[in-house]
1. So, in the stretch 124-171, exactly how many residues are free of Cβ contacts under 8 Å to residues at least 12 places away in the same chain and among the hydrophobic types (A, V, I, L, M, F, W, C)?
2. Test Ala14 against the stated conditions and say whether it is modelled with pLDDT of 90 or more, open to solvent by 50 Å² or more (accessible area, probe 1.4 Å), small (Gly, Ala, Ser) and within 30 Å of Gly138 (Cβ to Cβ).
3. Can you name the residue in the stretch 107-129 that is part of a helix (DSSP H, G or I) and over 11 Å from Leu142 (Cα atoms) and is also nearest to the chain's Cα centre (by Cα) among such residues?
4. Suppose we filter the stretch 105-142 for residues that are under 30 Å from Asn21 (Cβ atoms) and surrounded by 18 or more Cβ atoms within 10 Å (Cβ to Cβ); how many remain?
5. Test Ser74 against the criterion of being more than 18 Å from Glu101 (Cα to Cα) and surrounded by 12 or more Cβ atoms within 10 Å (Cβ to Cβ), and give yes or no.
6. Identify, please: which residue in the stretch 83-104 is part of a helix (DSSP H, G or I) and not aliphatic (A, V, I, L, M) and is, among those, surrounded by the most Cβ atoms within 10 Å (Cβ to Cβ)?
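The values are calculated or read from the model by the stated rules, or taken from the named source; none is laboratory data. Note that the structure is a prediction, hence the values are computed from the model and not measured. Glycine also receives a Cβ, built like all others from the backbone with ideal geometry; neighbour counts cover every protein chain displayed. What goes into the accessible areas is simple: the full protein's heavy atoms, side chains included, and nothing from ligands, DNA or RNA. Shrake-Rupley method; radii C 1.70, N 1.55, O 1.52, S 1.80 Å.
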Amino acid sequence: MAQTETVARPYARAVFGRAVNQAEQKQWLEFLKISAELLNNSDVIKRLGLPSFVHDWKNWLNQLLSEKRKQALSQEESNFLNLLEEHNRLIVLPQIAELYERLLYEQDNVCLVQVQSAQTLTPAEVESLTQTLKRKIGRNVLLKTSVNPELIAGVLIEYDGQVIDQTLKGRIATFARLLD
């Protein structure tokens, strides 16, 4: 993950620098998210090396963009995809989308926080966690929650390179290390 993030970072920053107003930023974010969504499939990833497949993938993307955002692939977006394809970087498109979104949030002084929990959090728990993290971090917080039953109980919180492991699985692992 760290290596793909290193490769993706300059592309995300270049797109971020290119989008000069909120409308352009929103358009690029939609484009990147939809592109990443279409690319996040193991069968698609396996076929990316085939020249004819990339052409077909771009056509599918164009159709999907037309449906979802009511606007087809722009010339700039097409050029961006061509650049990624030319340098064999299409594979990092999901990371580019993620990093671009983070840059937008940083610009607005919002901290994106990934929260994994063993069970679905209630709206009250989400609100309480949001307020607690807002006080701790000192910025507005946007929570992205997901359920991971392997955690057994508790939450795993990740933001700005920080990890707060309040899971039963994490506590058991810590206790096991202490016993060694």
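1. From the stretch 124-171, those free of Cβ contacts under 8 Å to residues at least 12 places away in the same chain are 124-125, 127-128, 131-132, 134-136, 138, 161-165; that's our starting set.
Now narrow it down to the ones that are among the hydrophobic types (A, V, I, L, M, F, W, C): 124, 163-164.
So the count comes out to 3.
2. yes
3. Start the filter on the stretch 107-129 by keeping residues that are part of a helix (DSSP H, G or I), which leaves 107, 123-129.
Keeping just the survivors that are over 11 Å from Leu142 (Cα atoms) gives 107, 123-125, 128.
Values: Gln107: 16, Pro123: 23, Ala124: 25, Glu125: 23, Ser128: 24 Å.
That would be Gln107.
4. Kept after step one, since they are under 30 Å from Asn21 (Cβ atoms), are these residues of the stretch 105-142: 105-114, 130, 133-134, 137-142.
Narrowing the set further to residues that are surrounded by 18 or more Cβ atoms within 10 Å (Cβ to Cβ) leaves 111, 113, 133, 141.
Residues flagged as under 30 Å from Asn21 (Cβ atoms) and surrounded by 18 or more Cβ atoms within 10 Å (Cβ to Cβ) within the stretch 105-142 amount to 4.
5. Values: more than 18 Å from Glu101 (Cα to Cα): yes; surrounded by 12 or more Cβ atoms within 10 Å (Cβ to Cβ): yes.
Taking the combined requirement at face value, the residue satisfies it.
6. First, pick out the residues of the stretch 83-104 that are part of a helix (DSSP H, G or I): 83-86, 90-104.
Keeping just the survivors that are not aliphatic (A, V, I, L, M) gives 85-86, 94-95, 98, 100-102.
On the way: Glu85: 16, Glu86: 9, Pro94: 18, Gln95: 21, Glu98: 18, Tyr100: 26, Glu101: 19, Arg102: 16.
Residue satisfying both the conditions and the ranking: Tyr100.
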